[in-house]
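S.K.: My questions all concern the structure below.
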Amino acid sequence: MDTGQCVHCGLCLPSCPTYVETGLEGESPRGRIFLLQRLHDDPSMLNAVTTEYLDDCLDCRACEAVCPAHVPTGHLVEEWRAETPRRGAEGDSPALGGFRGLSRPLSFFLGSPKGLLWLQRLARWSQWPVLGPWITRLRFVPQPARYLVRGIPQKIPKTLSRYRTLPSLEGSRTPVLLFVGCVMDTIYADTNHHTEDLLALAGTDVVLPLEQRCCGALHMHGGDPAVTKSWAKENIQAFETSGASVIVVNAAGCGTTLKEYAALFDLADPWHARAQRFEAAVVDATVFLSQCSLPTLADSSDVHITVHDPCHLAHAQGIRQEPRTLLKRAGYALQEMAESDLCCGSAGIYNLTHPDMAKKLLDRKISHIPKTVAWVAAANPGCLMQIQSRLCEDPKGPGAVHPLDLVWNAYRQAGLIHPNPDGLVSR
């Protein structure tokens, strides 16, 4: 573990959500790098306090984006988490123990179409007055999920978004592969359908390989990279046999993980070169669509939008303007919020394993949402669920929605998109 690059300049401090919230050096990237180095030199220093400071990291990559020495703090914390569970109970935090308890259910629900269908059913049933309270009290459902479930969409589809494959149109250019993900494939399946429609409106053919899997981000962040590596191989194979030249992804967390697959394999491993080719093909949906010739609609100043920048979109991938470009092109008026790129507290399953800190960060995020906006746009399912779980308390207030859903709706109202029963778009 190489932490020697850190020069302890402190430029990371104001960008770190846990430091901003607590003011503690141990809760800062600089403090965590110091602790990691000390633990590397003397593993016996591992105790409950050092574990808590390290495991409180959201892995939001905000510190990496501003670090002049390019210290990969998020990756170093992931590496530490992968090693810590093997050390036994000493020094374990509730969060690490919490992830170990969730690892098996996550592998089932996210690891196959069968599991995803069950996840979709449970999410849909959780909204029923009678079944809902019972489902949220199942043994494998963490207690904080009882609050978070309020943030899921009111209408969840009954089928996965990978329900079919789209044939390439004869004479057209090489199609793109739409990465459907897991939570996006189930709870936010409609957003995947809307992404398909927008790609079609842009003149692009789409393939949806049924063999693709969850990206593995949650397991990677939680310290179980073996699962991520296994699913990475399946995703790489699905891409190689798809005939696509580009992989379009509409979830910030998925996009970051997909772009880092090569790091899962040793340089001498043949999978490393295959993963590099895979990485090079990955592009965020807002970036891809902003480069297409989508129509520009007249301004609709009566609908104001604010944008929350998901950590793994803004910090890890450096993507900020493209969601705003698409929203403006679709006629929306934007109103910026303060600290738009500060973590909302979702951070994968951080809001389930660290509910107290996640709540504080959510309170901070909600306080910055302008009062006059109709929607908070966020291009990541975890952020949407986290923010909406609080916004739902005010029926007259704004709601949280994926920016591509807003763009899709604007083009549909303009008569440019006409969904039909089989989910295709006609123009």
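The values are calculated or read from the model by the stated rules, or taken from the named source; none is laboratory data. Predicted model only: the values in this text are computed from it and were never measured. Virtual Cβ from ideal backbone geometry, glycine too; neighbours counted across all protein chains shown.
S.K.: For region 110-127, does any single residue satisfy the condition of being surrounded by fewer than 14 Cβ atoms within 10 Å (Cβ to Cβ) and within 20 Å of ALA379 (Cα to Cα)?
M.R.: Within region 110-127 (the criterion being surrounded by fewer than 14 Cβ atoms within 10 Å (Cβ to Cβ) and within 20 Å of ALA379 (Cα to Cα)), the answer is no, since none of the residues qualifies.
S.K.: Please indicate, with yes or no, whether at least one residue in region 163-179 is modelled with pLDDT of 95 or more, closer than 23 Å to PHE278 by Cβ and out of contact with any helix residue (DSSP H, G or I) (no Cβ under 8 Å at 6 or more places or on another chain).
M.R.: No - not one qualifying residue is present in region 163-179.
S.K.: Of a type in the set (Asp, Glu) and either in the same structural domain as GLY345 (by TED's automatic domain parsing) or within 25 Å of ILE156 (Cβ to Cβ) (or both): is that true of GLU260 in this structure?
M.R.: When the stated conditions are applied, GLU260 does not pass them.
S.K.: Could you list, in sequence order, the residues of region 366-384 that are surrounded by fewer than 24 Cβ atoms within 10 Å (Cβ to Cβ) and assigned to a helix (DSSP H, G or I)?
M.R.: ILE366, SER367
S.K.: Can you pull out the residues in region 54-75 that are assigned to a helix (DSSP H, G or I) and surrounded by fewer than 21 Cβ atoms within 10 Å (Cβ to Cβ)?
M.R.: GLU64, ALA65, VAL66, HIS75
S.K.: In region 258-270, how many residues are assigned to a helix (DSSP H, G or I) and more than 20 Å from LEU177 (Cα to Cα)?
M.R.: 3
S.K.: Here's something else I'd like to know. So, of the residues in region 23-75 that are more than 18 Å from THR353 (Cα to Cα) and of a type in the set (S, T, N, Q), which turns out to be farthest from the chain's Cα centre (by Cα)?
M.R.: SER44
S.K.: Just for region 236-259: of the residues that are buried (at least 24 other Cβ atoms within 10 Å of the Cβ) and among the aliphatic types (A, V, I, L, M), which one is farthest from the chain's Cα centre (by Cα)?
M.R.: Among those that are buried (at least 24 other Cβ atoms within 10 Å of the Cβ) and among the aliphatic types (A, V, I, L, M), it is ILE247.
S.K.: Can you confirm whether LEU24 is crowded, with 16+ Cβ neighbours inside 10 Å and without any contact (Cβ under 8 Å) to a residue 40 or more places away in the chain?
M.R.: In short, no.
S.K.: May I pose another question? Assess whether CYS6 counts as being under 27 Å from the mean Cα position of the chain (by Cα) and not aromatic (Phe, Trp, Tyr).
M.R.: no
S.K.: How many residues are crowded, with 17+ Cβ neighbours inside 10 Å, in contact with a Lys or Arg (Cβ under 9 Å, 6 or more places away or on another chain) and either in the same structural domain as GLY382 (by TED's automatic domain parsing) or without any contact (Cβ under 8 Å) to a residue 60 or more places away in the chain (or both) if we restrict to region 133-163?
M.R.: Selection size over region 133-163: 3.
S.K.: Does region 293-308 hold any residues that are in a loop (DSSP other than H, G, I, E, B) and in contact with a helix residue (DSSP H, G or I) (Cβ under 8 Å, 6 or more places away or on another chain), and which are they?
M.R.: Hits for region 293-308 are LEU294, PRO295, THR296, LEU297, HIS308.
S.K.: Would you mind finding the one in LEU334, LEU297, LEU342, LEU327 that is in contact with a Leu (Cβ under 8 Å, 6 or more places away or on another chain), farther than 14 Å from PRO403 by Cβ and either in the same structural domain as TRP408 (by TED's automatic domain parsing) or crowded, with 17+ Cβ neighbours inside 10 Å (or both)?
M.R.: Result of the check over LEU334, LEU297, LEU342, LEU327: LEU342.
S.K.: Does ASP405 satisfy being exposed (fewer than 15 other Cβ atoms within 10 Å of the Cβ), among the charged types (D, E, K, R) and either assigned to a helix (DSSP H, G or I) or modelled with pLDDT of 95 or more (or both)?
M.R.: For ASP405, the condition - exposed (fewer than 15 other Cβ atoms within 10 Å of the Cβ), among the charged types (D, E, K, R) and either assigned to a helix (DSSP H, G or I) or modelled with pLDDT of 95 or more (or both) - is not met.
S.K.: Those residues that are without any contact (Cβ under 8 Å) to a residue 60 or more places away in the chain and either surrounded by fewer than 21 Cβ atoms within 10 Å (Cβ to Cβ) or more than 15 Å from LYS259 (Cα to Cα) (or both), I need them from region 203-235; list them, please.
M.R.: ASP205, VAL206, VAL207, LEU208, PRO209, GLU211, GLN212, ALA226, LYS229, SER230, LYS233, GLU234
S.K.: Among the numbered conditions (1) over 30 Å from ARG320 (Cβ atoms); (2) touching an Asp or Glu at 6+ places or on another chain (Cβ under 6 Å), tell me where GLY255 comes up short.
M.R.: Among (1) over 30 Å from ARG320 (Cβ atoms); (2) touching an Asp or Glu at 6+ places or on another chain (Cβ under 6 Å), the lone unmet condition for GLY255 is (1).
S.K.: State yes or no: is HIS219 closer than 22 Å to CYS383 by Cβ, under 20 Å from the mean Cα position of the chain (by Cα) and modelled with pLDDT under 95?
M.R.: yes
S.K.: Among the residues of region 319-333, which ones are part of a helix (DSSP H, G or I), in contact with a helix residue (DSSP H, G or I) (Cβ under 7 Å, 6 or more places away or on another chain) and over 21 Å from GLY415 (Cα atoms)?
M.R.: Hits for region 319-333 are GLU322, PRO323.
S.K.: Follow-up. Could you pull out the residue among GLU322, GLU336 that is more than 30 Å from THR228 (Cα to Cα) and without any contact (Cβ under 8 Å) to a residue 60 or more places away in the chain?
M.R.: Within the list GLU322, GLU336, the selection yields GLU336.
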